[in-house]
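The values are calculated or read from the model by the stated rules, or taken from the named source; none is laboratory data. The shown structure was predicted, so the numbers you read here are calculated from the model rather than taken from an experiment. Cβ atoms come from the backbone with ideal geometry, glycine included; neighbour counts cover every protein chain shown. Heads up: the accessible areas ignore ligands, DNA and RNA and are worked out on the full protein's heavy atoms, side chains in. Shrake-Rupley method; radii C 1.70, N 1.55, O 1.52, S 1.80 Å.
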Amino acid sequence: MSNLPNDLKYTKSHEWIQTNEDGTITVGITDHAQELLGDLVYVEVPEVDLEVAAEQACVVVESVKAASDVYAPVAGTVTAVNESLEDAPELVNSDPYGEGWIYKLKVNDPTDLDGLMDAESYLAESDD
Amino acid sequence: MSDSLQTPLYDLHLEHGARMVDFAGYAMPVQYQDGIIKEHLHTRANAGLFDVSHMGQLIISGTGVTQALEQLIPIELESLKDNHQRYGLLLSEHGTILDDLIVTRKTADSFFVVVNAACKENDIEHLRQHLPDVIKIEYLQDQALLALQGPQAHTVLQDQLEDLESLTFMQGRECTVFGLPCYVTRSGYTGEDGFEISVTAEHAAELAKHLLAHPEVKPVGLGARDSLRLEAGLCLYGHDMDTSKTPIEAGLLWSISKSRRPDNNKAGGYPGADIIAGQIESGVDSKRVGLLIEGRAPAREGAEVIDPASDKVIGVITSGSFSPCLEQPIAMGYIDQSFAKAGTVVEIAVRKKKIPAVIHQLPFVKQTYYRG
């Protein structure tokens with residue numbers, strides 16, 4: 001199985017979520033997800049200040065073969081996007097939990113985060 | 001995928017860490033551990049080994065087979081020498097494309113024909129229906145097909161085939177490779193010099209292992225096969241051509257042998273010949289073109305092509321990907337003929353954006369076939 005940090009939260013749709021001290025979360029896709037997608041050639045990041053609903057498709061990642069959506073784990077407002085991905089989408093493949101982060105979100109209701117999965121649950125879920 | 005058929009190389013794919021997908025009813029490797037981009041670039045720089053055993057291999061034989069096939073495919077076969085091959089299109093009565101195939105003459109009365117995996121059943125039915133009863137169609141079910149493609153492909157086979165230099169593009173030879181009986185042709189689907197090797201299912205894995213033992217050779221999946229053929233400007237059946245397109249619309253006039261075109265000695269005499277002759281004479285409303293796309297976002301099949309001046313839809317993308325060699329998105333599609341000239345600037349609707357693109361001459365990457 002691929003790399004799965006214990007200090008992150010996860011969604012069924014293969015996003016990882018890091019909770020930051022300033023009340024934002026950082027969102028990316030899991031190592032498992034990038035493996036499934038293969039070499040990424042383009043990441044369409046959301047606009048800063050975009051308001052998103054939970055489970056709204058707000059990022060498109062494109063591999064050589066196909067385009068896939070990445071979903072907002074909870075409702076909130078986009079506060080930052082990883083601009084390095086514009087020229088180097090492969091960072092999502094090479095460092096999915098670090099340099100390959102995709103965007104930051106100011107969460108509307110922090111209790112929404114309670115519904116996210118831990119590494120163990122994600123692993124059980126994605127093994128199906 | 002549990003219902004998918006397996007090629008004789010199935011276990012070898014898994015040993016090499018392939019990710020398997022269903023393609024035309026077969027479990028096929030879409031990529032190996034290196035990934036599509038590395039596999040693609042490796043093929044352009046060295047040599048890639050592809051399993052294309054899902055394709056249909058046929059022997060069509062019998063007295064009068066040459067003339068009989070000429071009535072279904074608009075190519076010149078009478079003058080085709082033994083062990084020479086030609087690309088051709090199987091046409092419907094409307095002159096539209098049922099499949100594309102490679103026809104190799106084996107003897108005076110027999111041809112070796114390779115057809116697309118997804119089309120093979122329909123092709124066999126069509127051929128059986130339209131060829132005289134004396135013509136035999138044999139489907140080589142127990143035959144595997146391996147493609148070795150790239151600038152180093154010939155160095156791998158150098159020790160195996162005597163006088164390899166004399167085997168030029170679109171020629172074949174009965175021979176042994178690593179002691180295994182094979183039929184080798186100098187052909188492929190990547191735009192590179194390379195070979196397709198037909199071998200019995202029983203020997204296929206052994207042959208593949210011998211080829212992969214060479215440091216220049218890596219296994220390459222269907223993902224890179226698709227991006228390689230797109231760079232080479234080659235059509236994929238069911239996407240860039242199908243039963244709604246004629247060879248003229250598809251930009252494949254070159255595939256109609258000269259002798260079969262209007263005003264030549266063997267003009268017509270194939271399905272839809274009048275329609276095609278009319279299109280050669282008067283042109284077509286829309287035709288296949290290449291498109292070079294600005295930025296990094298690939299335009300995929302089905303995306304609309306738009307005239308920036310009028311904002312009208314003038315075409316549609318039929319294949320689109322990211323070119324690992326050009327490091328930008330490329331596509332093929334059909335466009336209103338008045339916009340088809342190379343250099344014309346258009347837009348492509350990708351999700352909510354309109355992305356600038358320019359009509360580009362095909363191929364995108366120079367073909368390097370070995371012509372001696």
Per-residue average of Cβ from other chains inside 10 Å of B:343-351: 1
Length released on extending from residue B:266 to residue B:353, taking residue separation times 0.36 nm less the Cα-Cα span: 26.3 nm
Charge tally in the Cβ shell below 15 Å around residue A:77, where Lys, Arg are +1 and Asp, Glu are -1, residue A:77 excluded: -4
Estimated FRET transfer efficiency when R0 is 45 angstrom, pair residue B:201-residue A:84 (beta carbons, to 0.05): 0.40
Gap separating the Cα centres of region B:1-35 and region B:313-348, nearest whole Å: 31 Å
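Give me D for region B:97-149 in µm² s⁻¹, whole number, from Stokes-Einstein with Rh from the Kirkwood sum over alpha-carbon pairs, 25 °C and 0.890 mPa s. All intermediate terms of the calculation are to be shown ahead of the outcome.
Numbers: Rh = 12.5 Å.
For these conditions, the coefficient is 196 µm²/s.
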Whole-number accessible area per residue in Å² for chain A, which is evaluated in the context of all protein chains at 1.4 Å: 49 Å²
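How much of the pair distance distribution for region B:71-168 lies past 24 Å, counting alpha-carbon pairs only, in percent? All intermediate terms of the calculation are to be shown ahead of the outcome.
Details: 1546 of 4753 pairs.
Percent of Cα pairs beyond 24 Å in region B:71-168: 33.
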Of all accessible heavy-atom area on chain B, the percent that carbon and sulfur account for (1.4 Å): 49 percent
For region B:1-284, accessible area per residue (1.4 Å probe, heavy atoms of protein chains only), Å²: 40 Å²
At least 30 Å² accessible surface lost relative to isolated chain, residues of region A:37-64 (1.4 Å probe): A:39, A:41, A:42, A:44, A:62, A:64
Three principal axis lengths of region B:1-102 [C-alpha, angstrom, descending]: 48, 36, 27
Alpha-carbon centroid distance for the pair region A:57-128 / region B:69-117, whole angstrom: 51 Å
Peptides ranked, highest mean first, by Cβ atoms within 10 Å: ranges A:103-114, B:193-204: B:193-204, A:103-114
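Roughly how large is the B-A contact in terms of buried accessible area, totalled over both chains, probe 1.4 Å, nearest 100 Å²? Could you put the intermediate results ahead of the total?
Values: alone 16410 and 6910 Å², together 21900 Å².
Using a 1.4 Å probe on protein heavy atoms, the buried area is about 1400 Å².
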Point-to-point label distance, residue B:23-residue B:71, nm (Cα→Cβ direction, 7 Å offset): 3.6 nm
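Given just the C-alpha atoms of the protein assembly as shown, how large is their convex hull per residue in cubic angstrom?
Values: hull volume 77.3 nm³, N = 500.
Taking the convex hull of the Cα positions in the protein assembly as shown, it is 155 Å³ per residue.
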FRET E, pair residue B:125, residue B:155, Förster distance 41 Å, beta-carbon r, rounded to 0.05: 0.45
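Write down the Å³ per residue value for the convex hull defined by the alpha carbon atoms of region B:285-372. Don't skip to the answer; put the middle values down first.
Working: hull volume 8.8 nm³, N = 88.
Convex hull volume per residue, Cα atoms: 100 Å³.
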Whole-angstrom gap from region B:187-216 to region A:3-53, using each part's C-alpha centre: 41 Å
Value of relative contact order over chain A, rounded to a whole percent, pairs C-alpha under 8 Å and six or more apart: 30 percent
Computed lengthening from residue A:56 to residue A:20, 0.36 nm per intervening residue step minus Cα-Cα distance: 10.8 nm
Selection of trypsin sites (Lys or Arg not before Pro), region B:1-100, meeting DSSP coil and at most 11 other Cβ within 10 Å: B:81
Value of Rg to Rh for region B:66-110 (Rh from inverse mean 1/r over Cα pairs, i.e. Kirkwood): 0.97
Ellipticity estimate at 222 nm from DSSP helix runs (n ≥ 4, -39,500 (n - 2.57)) divided over chain B, nearest 500: -5000 deg cm²/dmol
Efficiency of FRET between residue A:47 and residue B:254 - r from beta-carbon atoms, R0 51 angstrom, step 0.05: 0.60
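Provide B:2, B:286 ordered by accessible surface of protein heavy atoms (probe 1.4 Å), highest first.
Details: B:2 115, B:286 35 Å².
From most accessible down to least: B:2, B:286.
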Two-decimal Rg/Rh across region B:1-284, once Rg and the Kirkwood Rh are taken from alpha-carbon atoms: 0.96
Mean Cα-pair separation over length for chain B, i.e. relative contact order, pairs under 8 Å, 6 or more apart, %: 18 percent
Solvent-accessible surface (1.4 angstrom probe) belonging to residue A:81, in square angstrom, nearest 10: 20 Å²
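Counting only C-alpha contacts under 8 Å and six or more residues apart, can you give the relative contact order of region B:285-372 as a whole percent? Don't jump to the answer; show the numbers that get you there.
Details: 200 pairs, mean separation 30.7, N = 88.
The normalised contact order for region B:285-372 reaches 35 percent.
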Rg/Rh (Cα only; Kirkwood hydrodynamic radius) as it applies to chain A: 0.93
At least 20 Å² accessible surface lost relative to isolated chain, residues of region B:35-50 (1.4 Å probe): B:36, B:37
Where only alpha carbons of region B:217-308 are counted, the Rg and the Dmax (Å): 16.8, 49
Surface accessible to a 1.4 Å probe, residue B:128 within the full protein complex, Å²: 90 Å²
Percent of C-alpha pairs per 10 Å bin, region B:282-323, short to long: 25, 52, 21, 2
